[in-house]
Each structure stands twice: as C-alpha cells, then as structure tokens.
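One structure is given below, encoded as structure tokens.
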Amino acid sequence: MKNNSVCLVASAGGHLNQLLSVSEIWKDREYFFVTSLEVSAQNLKKQAKTYIVGECNREHPIQTLGVLFRCLAIIIKERPRVVLSTGAAPGFLMCFWGKLFGAKVIWLDSIANTRKLSMSGRMIRPFADLILSQWPEVAAKYPNVEYVGEVI
Amino acid sequence: MIFLTIGTLFEFDRLVRAVDELISSGSIQEEVFAQIGTGKYKPSSMKYVESLEKSEFEKVIQQCTALISHAGMGSISMAIKYQKPLIVMPRLKKYGEHVNDHQLHTALKFEELGHILAAYDENELVEKIKLLKTFIPKSRVPNRQGVIDRISSYLNSLGQTK
C-alpha cells in the first residue's frame, strides 16, 4: 500500500531556505522531511518526521554510496506519493529512488543555477513529472522545464 | 559586527584566511565573527565557530551590520531577507572548493541585479570592503506565489494527496 505523503528533500543551507519558502504547498497535506545535516534538522523536527541522510556529491563516492542506501531505505519505508526537492545531490537520490518506487517527482532547481540547470536537475529532467527553473532564460533551454516565478 | 560565513559545505580556507589577514593588517577595523566550517586554517584575529544551527545562524545575520560569505544561496537569501550589505567571494572548482563553478555565475547574476557586492579573488576583497559600509542592497520582490500555485495545482491534479 502506497502512502499519500509528500517527501520534502533539501540539503542544508540555501536549498532548504528555498524549499521552506514555499511551505504553503504542503500545509494541508501529509509530509515528511529529508535533509543533509543535523544543523538544519532541528526546526524541521518540530513540524514533521525528519530524516538526516548526510551530505554528498560526486567528488566523494564512498560518502555518496552511504547516502544512496539511506535514501533507498527511506523510500522503501515511507513509500511517498510525491517527492519534492530543491536539491542538491541527496535530493537527486531521493527523486531517483522515489521514481523507481512509483512516486511522482517535482524538482525546483535552485536559484543559484543562473545559466543552466544544476547537475542534479539535468539528471532528473528526463523522468521528472514537473521541473521548474527560477530563471526564464534557463527554462528556455530545455523542452520540459518551466519558469513560473522565483522563491528568493 | 561583520559576520563571515562559508556555509555548510566543505572548507573555504581561501576566504577565511583572506579576511583574517585583512583584520591583522588593519584593513578591517570592525569586529568580525566567523563560521569557518571544517577548514584547516584557524583564524588568529577573529572569533569563530565551525558551524551554527540554522536558527542561531539566522540570529547572527539579524545582529550583524554586514556580511562576507561564499556565493551560496543560504547566505545570499538571508542578506536579501534582512537587507544586510553582503560581499561574496565565489568558491571555484579549480581550487577544489566546489564541484563546479556555478557560484561564480550566481555571484555575477546577483551582483548585476544590485543585491550584493562580489570579490572574485582575495585581492578584490580590500576594495569591496571599503564599499561595504555605504552599499545599499537592492530589494527583491520574488514571484513566490507563481511557484506555490504551479506546484499546488500539480499536486491537486494527482488527487488524494490530501
């Protein structure tokens, strides 16, 4: 049985700020958080169940492997209906596993990416159900990427 | 108090060292408090911590008079939110400070829009610090509702997510 929850994923720092600035989206829905570091989790825990998966990127393959399996474990346990992420690499991994287990994937690319989609965004793009850039000129470069506004 | 922050990612000793040296040489007179991450360089001229919990981080931003940081959106968004003058120095891939050079593009874009000052290397910091006191960051009016509405309507189209 699949849950109806929305899985909200963002790394510590700017990714999380951007995600939380659209919190109106999930106020009447079932949701849980996935973030990268303890320092950003304290406030999240007060609102909903929060998983900490660690930080990772392509320069640290071993660390990335650990995050990869932690993300898989969360997806199997929670079976969210939707994964919504602002990045970075852990967001990609949650979207990847979520998609394999039947979740819809929404990717809001960080406003930091002013010229092209983030690396994670480019990897998610072929199988994202909704993908947004916060710059019109970036969205215009890809057939299925939309620009509908910005959160910062 | 000037708040120096390098974010939650890997080290950025190049910026920490540069600011520390500007204090000891007298180019920065004001007190500086730094969040330096896991770098090897330990400042001698300023108070510092390795990391700050999110709400403490926001508190320090509110208290400071100006900011110096990497070109990460966590710092840039906070500076915009609290209308604090900010100088960013982008992390560069060639020094192993990030996985790519997107911080350079972020800095160029937000500088062009008048929200921040940017120093593209250590040498440019001195000049930009002189401008920091008088710099008035341009305020920003994001169309957040557009993003909220688009994602909400997508979720509603799935049905049963409530």
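A short reminder: the numbers here are calculations on the coordinates, not readings from a lab. Note that the coordinates shown come from a computational prediction; the quantities given were computed from them, not determined experimentally. No Cβ is skipped: glycine too gets one built from the backbone with ideal geometry, and neighbour counts run over all protein chains shown.
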Do me a favour and compute the ellipsoid semi-axes for chain B from its Cα gyration tensor, root of five times each eigenvalue, largest one first, whole Å. 31, 17, 16
Let me confirm one metric for peptide B:3-15, namely the mean number of other chain beta-carbon atoms within 10 Å of its residues' beta-carbons. 2
Translational diffusion coefficient of the stretch B:123-162 at 37 °C, 0.692 mPa s, Stokes-Einstein with Kirkwood Rh over Cα pairs, in µm²/s as a whole number. 233 µm²/s
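Fewest first, what order do B:Asp20, A:Asp129 take by the number of other Cβ atoms within 10 Å? Could you put the intermediate results ahead of the total?
Details: B:Asp20 23, A:Asp129 16.
Ordered by Cβ neighbours within 10 Å, fewest first: A:Asp129, B:Asp20.
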Using a Gaussian network model of chain B whose springs link C-alpha atoms within less than 10 Å, name the residue from B:Glu97, B:Glu21, B:Glu30 with the highest mean-square fluctuation. B:Glu30
Which whole-number percent of Cα pairs in the stretch A:6-146 have a distance greater than 25 Å? 19 percent
Over all alpha-carbon pairs in the protein assembly as shown, figure out the percentage whose distance exceeds 24 Å. 51 percent
Relative exposure of A:Lys116, B:Lys59, judged by other C-beta atoms within 10 Å (fewest first): B:Lys59, A:Lys116
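For A:Ile124, what charge total do you get from the other residues with a beta carbon under 13 Å from its beta carbon, if Lys and Arg give +1 and Asp and Glu give -1?
Working: positive: A:Lys99, A:Lys104, A:Arg122, A:Arg125; negative: A:Asp109, A:Asp129.
Every neighbour counted, the sum reads +2.
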Per DSSP, loop GluC sites (Glu not before Pro) in the stretch A:29-89 with at most 13 further Cβ within 10 Å: A:Glu59
Using just the C-alpha positions of the stretch B:81-135 as equal point scatterers, what log10 of I(q)/I(0) does the Debye formula give at each q in 0.17, 0.19 1/Å? -0.54, -0.67
Is it possible to state the helix-based mean residue ellipticity at 222 nm for the protein assembly as shown, with each DSSP H run of 4+ residues giving -39500 (n - 2.57), the sum divided by total residues, to the nearest 500 deg cm²/dmol? What is it? -12000 deg cm²/dmol
The residues B:Phe33, A:Phe127, A:Phe33, sorted from fewest to most surrounding Cβ atoms within 10 Å, come out as A:Phe127, B:Phe33, A:Phe33
Looking at the stretch B:31-61, which GluC sites (Glu not before Pro) are in a loop (DSSP not H, G, I, E or B) and have at most 11 other Cβ atoms within 10 Å? B:Glu50
Hey, got the average number of other protein chain Cβ atoms within 10 angstrom for residues in B:76-86? 2
Fraction of the pair-distance distribution of the stretch A:5-65 above 14 Å, Cα-Cα pairs, percent: 56 percent
Starting from the eigenvalues of the Cα gyration tensor, five times each then square-rooted, give me the equivalent ellipsoid semi-axes of the stretch A:71-147, largest first, whole Å. 23, 11, 9
